[in-house]
Number of protein chains: 2
Amino acid sequence: MPERRPRLYLAGPEVFLPEPVGAGRIKCELAAEYGFEGVYPLDAALDLAGLDKPAQAALISASNEALMRSCDALIANLTPFRGVSADAGTAFEVGFMRALGRPVLGYSNATADLVARSTAYRGAGLLEHCCDGPGVAIEDFDLAENLMIDVAITASGSRLVRWQAKAGERMTELGGFRVCLGEARRLLIR
Amino acid sequence: MPERRPRLYLAGPEVFLPEPVGAGRIKCELAAEYGFEGVYPLDAALDLAGLDKPAQAALISASNEALMRSCDALIANLTPFRGVSADAGTAFEVGFMRALGRPVLGYSNATADLVARSTAYRGAGLLEHCCDGPGVAIEDFDLAENLMIDVAITASGSRLVRWQAKAGERMTELGGFRVCLGEARRLLIR
């Protein structure tokens, strides 16, 4: 009987790429090289036909939550997405796995601190719909992300990996992901 | 012996306000009106003196995680914060409580759909450090937030409350918070 490989939930905004399934396949193949079974949110191949939008969303959410519960750890792509911070769904998933007591790892394809990114964002004056403002504090712990996320990774025995990607390759660059796979192998296999 | 009131973790970017403790006190007083004990991240009054930044961040994170585990439910201020979506720490906390199986509720002081906000954000061309791009899908389920967050609230028996706040009052407006307190009372007390 083949040995069971630890299962890694692969969180990140790749699900929004033009070819999301292919992007997941590449990550799963890399995970396999490191001894893991990669679990990608789109693996469930849900049949959404005939469902209205609320029912589709409910099915996707339930599927992703069940996939997370089936996994031993998580690697998140925390590259800033449409704002200063990581994709909100990815942040949710990091918290979800953290509460289950499973190791959470992550990388960002931007190297600037949260402080630098927040300052740049504010300088651009893009505050429509938002609740930021000049008197609102910018969390400064020299971290790459909000401390709840960054510390969850540190407390898992790893670190939030920062990787310098080219501007057009922030969604797809996998150097930081590979570092996380090595971290996961150190924590879960060796 | 006084009856134990259900404990509500009050997540949101109010912790970054110029007077964060006062902002929390107001929310806790409102929670008490609805029969709850409000639990605010800054309640722990941690002694951070003499600690370096990593140690400070670690202590705050551990304190918040312990506070969440001590609570029966969560109400999140999901108003977009420095980008299209909710504060990343708040999103993490919604996922954390969801994984523990506790009801998660939330409100946003912006009424526009996630689609409208994402489109506006992209139109402004503010993509520095970010991994968004023209070919990247904008999730469209008529929701106010990423579906993992929005559906977690629906699956808890509530709905993500959208509240029209004035531009300068998005951090402090509490009308949507009151609606959530009523929802929490319906779910947890009555």
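The values are calculated or read from the model by the stated rules, or taken from the named source; none is laboratory data. Values in this document were obtained by computation on a predicted structure and should not be read as measured data. No Cβ is skipped: glycine too gets one built from the backbone with ideal geometry, and neighbour counts run over all protein chains shown. Protein only, heavy atoms only, side chains kept; ligands, DNA and RNA dropped before computing areas. Shrake-Rupley method; radii C 1.70, N 1.55, O 1.52, S 1.80 Å.
Can you tell me which residue within region A:1-20, out of those that are outside any strand (DSSP E or B) and of a type in the set (D, E, K, R), is nearest to A:Glu65 (Cα to Cα)?
Taking region A:1-20 and keeping what is outside any strand (DSSP E or B), we get A:1-6, A:12-20.
Filter once more, so that each one left must be of a type in the set (D, E, K, R): A:3-5, A:14, A:19.
Numbers: A:Glu3: 25, A:Arg4: 21, A:Arg5: 20, A:Glu14: 17, A:Glu19: 22 Å.
Here the answer is A:Glu14.
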Item to complete: Evaluate the following for A:Ser85: is it over 24 Å from B:Ala116 (Cα atoms) and polar (S, T, N, Q)?
Response: no
Discussion item. Filter region B:104-116 down to the residues that are in contact with an Asp or Glu (Cβ under 8 Å, 6 or more places away or on another chain) and either at the interface with chain A (Cβ under 7 Å from one of its Cβ atoms) or open to solvent by 10 Å² or more (accessible area, probe 1.4 Å) (or both) and list them by number.
Written reply: B:Asn109, B:Asp113, B:Leu114, B:Val115
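If you take the residues in region B:61-72 that are open to solvent by less than 10 Å² (accessible area, probe 1.4 Å) and either at pLDDT below 95 or in contact with a helix residue (DSSP H, G or I) (Cβ under 6 Å, 6 or more places away or on another chain) (or both), which one is farthest from the other protein chains (Cβ to nearest Cβ)? Step through it out loud before you land on a result.
Of region B:61-72, the ones open to solvent by less than 10 Å² (accessible area, probe 1.4 Å) are B:61, B:68, B:71.
Now narrow it down to the ones that are either at pLDDT below 95 or in contact with a helix residue (DSSP H, G or I) (Cβ under 6 Å, 6 or more places away or on another chain) (or both): B:61, B:68.
Details: B:Ser61: 4, B:Met68: 8 Å.
Among residues in region B:61-72 that are open to solvent by less than 10 Å² (accessible area, probe 1.4 Å) and either at pLDDT below 95 or in contact with a helix residue (DSSP H, G or I) (Cβ under 6 Å, 6 or more places away or on another chain) (or both), the one farthest from the other protein chains (Cβ to nearest Cβ) is B:Met68.
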Worksheet item: In this structure, is B:Ala152 in contact (Cβ under 8 Å) with a residue 40 or more places away in the chain and either facing chain A (nearest Cβ under 8 Å) or in contact with a His (Cβ under 9 Å, 6 or more places away or on another chain) (or both)?
Response: yes
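Whether any residue in region B:141-163 is among the acidic types (Asp, Glu), at pLDDT below 95 and more than 14 Å from the chain's Cα centre (by Cα) is what I want to check.
Step one: filter region B:141-163 for residues among the acidic types (Asp, Glu), giving B:142, B:145, B:150.
Add one more test, that the residue is at pLDDT below 95, and what stays is none.
No.
For the condition more than 8 Å from chain A (Cβ to nearest Cβ), surrounded by fewer than 22 Cβ atoms within 10 Å (Cβ to Cβ) and more than 21 Å from B:Met148 (Cα to Cα), what is the one hit in B:Gly38, B:Gly50, B:Gly101?
Working: B:Gly38 fails: surrounded by fewer than 22 Cβ atoms within 10 Å (Cβ to Cβ); B:Gly101 fails: more than 21 Å from B:Met148 (Cα to Cα).
Result: B:Gly50 is the single residue among B:Gly38, B:Gly50, B:Gly101 that is more than 8 Å from chain A (Cβ to nearest Cβ), surrounded by fewer than 22 Cβ atoms within 10 Å (Cβ to Cβ) and more than 21 Å from B:Met148 (Cα to Cα).
Condition first: surrounded by fewer than 23 Cβ atoms within 10 Å (Cβ to Cβ) and within 30 Å of B:Leu188 (Cβ to Cβ). Now tell me which residues in region B:162-175 satisfy that. Talk me through it step by step, then tell me what you get.
First, the residues of region B:162-175 that are surrounded by fewer than 23 Cβ atoms within 10 Å (Cβ to Cβ): B:162-169, B:172-175.
Scanning region B:162-175 gives B:Arg162, B:Trp163, B:Gln164, B:Ala165, B:Glu169, B:Thr172, B:Glu173, B:Leu174, B:Gly175.
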Worksheet entry | Matching entry among B:Ala58, B:Ala23 (being among the small types (Gly, Ala, Ser), part of a helix (DSSP H, G or I), open to solvent by 10 Å² or more (accessible area, probe 1.4 Å) and touching a residue at least 12 places away in the same chain (Cβ under 8 Å)) | B:Ala23
Worksheet item: Counting only residues that are part of a loop (DSSP other than H, G, I, E, B), within 27 Å of B:Leu160 (Cα to Cα) and in contact with a helix residue (DSSP H, G or I) (Cβ under 6 Å, 6 or more places away or on another chain), how many does region A:26-55 have?
Response: 3
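Can you pull out every residue in region B:121-145 that is among the small types (Gly, Ala, Ser), open to solvent by less than 20 Å² (accessible area, probe 1.4 Å) and either without any contact (Cβ under 8 Å) to a residue 24 or more places away in the chain or under 17 Å from A:Pro18 (Cα atoms) (or both)?
As a first pass, look at region B:121-145 and keep what is among the small types (Gly, Ala, Ser): B:123-125, B:133, B:135, B:137, B:144.
Add one more test, that the residue is open to solvent by less than 20 Å² (accessible area, probe 1.4 Å), and what stays is B:133, B:144.
Across region B:121-145, the qualifying residue is only B:Gly133.
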Worksheet entry | Selection from region A:77-122 of residues that are outside any loop (DSSP other than H, G, I, E, B), more than 19 Å from A:Gln164 (Cβ to Cβ) and touching a Pro at 6+ places or on another chain (Cβ under 7 Å) | A:Thr90
